[in-house]
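A quick write-up on the structure given underneath.
Each reported figure results from applying straightforward, stated rules to the coordinates on display, with no laboratory input. Just so you know, these numbers come straight off a predicted model, no measurement behind them. No Cβ is skipped: glycine too gets one built from the backbone with ideal geometry, and neighbour counts run over all protein chains shown.
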Amino acid sequence: MKLGVLVSDYRNVDDTLLRMKADKLGLIFVSNGVYHAAVKESGKSSSLLDRTPNLFALSEDLQSRGLSPDTRVKTVTYDDLVDLILNEYEKVIWI
């Protein structure tokens, strides 16, 4: 199964993601979830960036917070987000 996960929270998502199994997992950071894509705490990036090579962050949410994403994260627009949801993943959830 190809699973896309919209991550909109900066806290309390690790436990949920650890329980998910997918052939292809994509993390799409939106809203406050974009902090995972850009913020380092104690010099370390978010542990979510190590979960999968399929990492995306909504450009509008990054811009509104004045953030630049980690090099592992691809910046996407709303149009790109729709394409990801409809073409790349069989199931999409929001956490």
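Quick rundown of the values:
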| quantity | calculated |
| --- | --- |
| Among residues of segment 1-33, those that are over 14 Å from Ile95 (Cβ atoms) and in contact (Cβ under 8 Å) with a residue 24 or more places away in the chain, counted | 3 |
| Qualifying residue in segment 27-38 (condition: surrounded by 14 or more Cβ atoms within 10 Å (Cβ to Cβ) and on the phi > 0 side of the Ramachandran plot) | yes |
| Among the candidates Lys40, Lys91, residue that is under 24 Å from Asn12 (Cβ atoms), of a type in the set (D, E, K, R) and either touching a residue at least 40 places away in the same chain (Cβ under 8 Å) or in contact with a Cys (Cβ under 6 Å, 6 or more places away or on another chain) (or both) | Lys91 |
| Condition check for Glu60: surrounded by 12 or more Cβ atoms within 10 Å (Cβ to Cβ), over 11 Å from the mean Cα position of the chain (by Cα) and not aliphatic (A, V, I, L, M) | yes |
| Single match in Leu17, Leu55 (criterion: over 24 Å from Thr77 (Cβ atoms) and surrounded by 13 or more Cβ atoms within 10 Å (Cβ to Cβ)) | Leu17 |
